[in-house]
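Read-outs: derived from the displayed coordinates by stated rules, not from any lab. These numbers come from a predicted model, not from an experiment. Ideal geometry is used to build each Cβ from the backbone, glycine not excepted, and the neighbour counts take in all protein chains shown.
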Amino acid sequence: MLRKVLSSFSGILFCISAQANECTVNTVELSEVIRPLSEVVDVSSNKGTDGYETYLRQVVTYKDNSLAIIEQKNCLIHNLTVTLLSTEGAESKKVNRIVDLLQTSPLIQKQFEIDKINTALIESLKKEGAAGSGKPVSIDLSSKIFAKTIHSEVSLDYATLGDNLPLYYDTFTIYVAAGMND
């Protein structure tokens with residue numbers, strides 16, 4: 001009896017392990033849709049594996065030397081991160097860049113309303129006083145920005161870089177996870 005139970009248990013563990021290693025969400029090359037965006041000078045792409053997840057990164061350089069990194073790290077769920085390292089400039093321009101980059105993702109196109117993303121970013125940054133405070137800010141945007149038909153989580157991090165990275169003034173990172181179980 002014990003052998004039968006152990007055999008069944010090891011069979012279940014094998015199925016769970018095999019299922020966990022089969023990625024069902026693909027990454028999508030975004031370089032060609034990013035290139036025509038406003039003030040983009042260059043886009044480079046890098047693909048690799050981190051543990052069992054494959055990642056795909058696009059690094060975007062702007063005319064003012066700002067830099068954006070778009071990372072898709074998908075496997076069983078969508079993981080999209082957009083980080084903007086910006087030189088000094090208007091906060092609205094930075095938000096527009098983030099929104100423009102988000103719009104290139106098929107996940108965002110299919111599951112999110114871009115106007116809600118834009119509004120939530122602007123309102124949340126103003127409410128938190130992010131740009132003027134000089135302090136790092138983390139904002140959970142999941143109640144304001146959510147997917148149409150799948151569970152999602154969205155967050156925004158902002159920090160002034162100061163002397164840590166002299167070329168860049170501040171950094172914005174928006175993280176979107178979608179497709180996980182409730």
Self-check item: Dipole axis of the chain (+1 Lys, Arg; -1 Asp, Glu on Cβ), positive-most option in 60, 149, 164
Solution: 149
Quiz prompt | Reachable aspartates and glutamates from residue 47, criterion Cα separation under 17 angstrom, eight or more residues apart if same chain | solution = 29, 32, 71
Quiz item: With each run of n ≥ 4 DSSP H residues scored as -39500 (n - 2.57), what mean residue ellipticity at 222 nm is computed for the chain after dividing by its residue count and rounding to the nearest 500 deg cm²/dmol?
Solution: -10000 deg cm²/dmol
Practice problem: Compare the peptides 157-170, 75-88 by average per-residue count of other Cβ atoms within 10 angstrom and give them in order, highest first. | Solution: 75-88, 157-170
Self-check item: the range 25-178 - charge dipole about Cα centre, Lys and Arg +1 at Cβ, Asp and Glu -1, debye rounded to 20
Solution: 260 debye
Self-check item: the range 130-169 versus the range 70-93: alpha-carbon centroid distance in Å
Solution: 10 Å
Exercise. For the range 116-123, take each phi angle, set θ = phi - 60°, evaluate the Karplus expression 6.51 cos²θ - 1.76 cosθ + 1.60, and give the result in whole Hz per residue in order, putting x for glycine and proline.
Key: 5, 5, 4, 4, 5, 5, 4, 5
Practice problem: Calculate one ³J(HN,Hα) per residue across the range 78-94 by plugging θ = phi - 60° into the Karplus curve 6.51 cos²θ - 1.76 cosθ + 1.60, and present them in order as whole Hz with x for glycine and proline. | Solution: 7, 10, 10, 10, 10, 10, 10, 9, 10, 7, 4, x, 5, 4, 4, 5, 5
Quiz item: Semi-axes, largest first, in whole Å: what does sqrt of 5 times each Cα gyration tensor eigenvalue give for the chain?
Solution: 36, 19, 16
Practice problem: Starting from the Cα gyration tensor of the range 46-124, take the square roots of the eigenvalues, sort them a ≥ b ≥ c, and report rounded, prolate or oblate (rounded when a/c is under 1.5, otherwise prolate if a/b is larger than b/c, else oblate). | Solution: oblate
Quiz item: Taking +1 at the Cβ of each Lys and Arg and -1 at the Cβ of each Asp and Glu, which of 122, 95, 111 sits farthest along the dipole of the chain towards its positive end, judged by Cα position relative to the Cα centre?
Solution: 111
